[in-house]
4 protein chains.
Amino acid sequence: MKSFAVSLRVRYAETDQMGVAHHAVYPVWFEQARSELARARGVPYASWEQRGYFLVVTEVRCRYLKPARYDQLVTVEVAVASLKSRAVVFSYHVRDERGELLAEGETHHVLVSRQGGRPQTFPPDLAEALRP
Amino acid sequence: MKSFAVSLRVRYAETDQMGVAHHAVYPVWFEQARSELARARGVPYASWEQRGYFLVVTEVRCRYLKPARYDQLVTVEVAVASLKSRAVVFSYHVRDERGELLAEGETHHVLVSRQGGRPQTFPPDLAEALRP
Amino acid sequence: MKSFAVSLRVRYAETDQMGVAHHAVYPVWFEQARSELARARGVPYASWEQRGYFLVVTEVRCRYLKPARYDQLVTVEVAVASLKSRAVVFSYHVRDERGELLAEGETHHVLVSRQGGRPQTFPPDLAEALRP
Amino acid sequence: MKSFAVSLRVRYAETDQMGVAHHAVYPVWFEQARSELARARGVPYASWEQRGYFLVVTEVRCRYLKPARYDQLVTVEVAVASLKSRAVVFSYHVRDERGELLAEGETHHVLVSRQGGRPQTFPPDLAEALRP
């Protein structure tokens, strides 16, 4: 499985009073990594929605191993874990600058015609771009 | 000027590593207070958008006097500070349980036909509901 | 298993351009429900931290069944799914006003002396309060 | 006044149902720009807090001219607008890829020994780094 990685700095607003990145921000980082993966494969997600395809999130899972801190440079690796005709699963690994694993997770999605819309089959170019 | 107040508890996710509610969350509280004001006056904001009216934010200002902390019960008072044919200004006062002022601010808005759309004149019922 | 429920309105800031509550906001709602459960059982979480006990999140899982929309009144039911000497699992069910299930999830936690600190055994009063 | 700029992509989670970046996210972008300015001048803000200096926000103002959209690359220019012995004002300009102004704002700060603590005079190296 070929993965793709983005780097980002933990924002002050993303910390909580425990002094670490709040756990609810990881799904946002996952989403950002997914966005960059789609762009890198030639099909920016914004163009999906313009064509009427919405990739709805049906499940999120995240395991937290070590905290991320303000201003820390973290890397989010994303890979397509599985691809079906109308659904896709992405997996994520969040690492610190030394490569140590901070968190790992996955998100499940279905393709629909619009939010609340009918499930759609991935058109060939999107299926090709997501091939694991 | 008749004001209206909503109470809310500071969420853990809203704190930052300084141990207080992050400053960017106050505009979100302002928005919630505005929503409840509209509902209390009989015109929930969701119905505005269904009718094609969008109340775009053109300016936000907030002054922070004392910090709000996790789980603290804060009250957000909102009032219509000024109303013109196509624009409205709301003012806000955030207080703790003893009534002490934590922050005060204001938001400026114009009514448009949709985001990026043309300015609109408030229809009579909305103008009436917003009368200061 | 005795559950506990809190009601909240979806904030405008919590929506995304799909027109629904963004998926990353559900863990924040879960946290709010947990906070209220602790308060209802006589041990507000703020008092835990004052005593030096931090309930760190080690895993979050959420399944999304139907979207929640701006201004919708949703109910978050929370229950203690399992309790061990130093760890606890909470389960959540998010419902709309008619009781229909919008999402369900769970969060796993360990008790530590502080963020990054050593795992602790729940003191008797907290263990009692969390008894499923 | 010498300014400094950071680029960032609008996150999907930062949009709202109007299809644009929510107004409350701009103060978060301002903060990120401030962080990068401090780093570029050799005194990362994380090191301030380690030394016991906290730069508290006392006021935020933002004017919104044009919306920012999902995945858009925006540039946040930040400059020190004024510096006093214990207070500083930063100004911000948010631009799109063609340089068009989307928003402008400012944040006011005082230096304190810790959140809720006593105002402090900027130590020489921080004053030097912030010189407008």
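Computed quantities for the displayed model
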quantity: Of residues in the range A:17-37 being under 10 Å from the mean Cα position of the chain (by Cα) and of a type in the set (A, V, I, L, M), the one surrounded by the most Cβ atoms within 10 Å (Cβ to Cβ); calculated: A:Ala33
quantity: Selection count, the range D:101-132, where residues are more than 18 Å from D:Gln32 (Cβ to Cβ), in contact with a helix residue (DSSP H, G or I) (Cβ under 9 Å, 6 or more places away or on another chain) and not in a loop (DSSP other than H, G, I, E, B); calculated: 2
quantity: Which listed residue, of D:Ala24, D:Ala38, is assigned to a helix (DSSP H, G or I), farther than 26 Å from B:His108 by Cα, of a type in the set (A, V, I, L, M, F, W, C) and at pLDDT 95 or above; calculated: D:Ala38
quantity: Test for B:Phe4: is it among the aromatic types (Phe, Trp, Tyr) and at pLDDT below 95; calculated: yes
quantity: Number of the condition not met by D:Val89 [criteria: (1) touching a Gly at 6+ places or on another chain (Cβ under 9 Å); (2) β-branched (Val, Ile, Thr); (3) free of Cβ contacts under 8 Å to residues at least 24 places away in the same chain]; calculated: (1)
quantity: Conditions (1) away from chain C (no Cβ under 14 Å); (2) closer than 19 Å to C:Glu14 by Cα; number of the one not met by D:Met18; calculated: (1)
quantity: Odd one out for A:Ser35 among (1) touching a helix residue (DSSP H, G or I) at 6+ places or on another chain (Cβ under 7 Å); (2) among the polar types (S, T, N, Q); (3) in contact (Cβ under 8 Å) with a residue 40 or more places away in the chain; calculated: (3)
quantity: The lone exception for D:Tyr64 - which of (1) under 21 Å from B:Tyr26 (Cα atoms); (2) more than 7 Å from every other protein chain (Cβ to nearest Cβ); (3) aromatic (Phe, Trp, Tyr) it fails; calculated: (2)
quantity: Those residues of the range D:45-87 which are in a loop (DSSP other than H, G, I, E, B) and either of a type in the set (Ser, Thr, Tyr) or under 21 Å from A:Ala13 (Cβ atoms) (or both), in sequence order; calculated: D:Tyr53, D:Pro67, D:Ala68, D:Arg69, D:Tyr70, D:Asp71, D:Gln72, D:Ser85
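Yes/no matrix, rows are residues, columns are (1) closer than 22 Å to C:Pro44 by Cα; (2) of a type in the set (Val, Ile, Thr); (3) within 14 Å of chain A (Cβ to nearest Cβ):
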site: B:His23; (1), (2), (3): no, no, yes
site: B:Glu36; (1), (2), (3): no, no, no
site: B:Phe54; (1), (2), (3): no, no, no
site: B:Glu59; (1), (2), (3): no, no, no
site: B:Asp71; (1), (2), (3): yes, no, yes
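The values are calculated or read from the model by the stated rules, or taken from the named source; none is laboratory data. All values derive from a computational prediction rather than experimental measurement. A quick note on method: Cβ atoms are made from the backbone with ideal geometry, for glycine too, and the neighbour counts reach across all protein chains shown.
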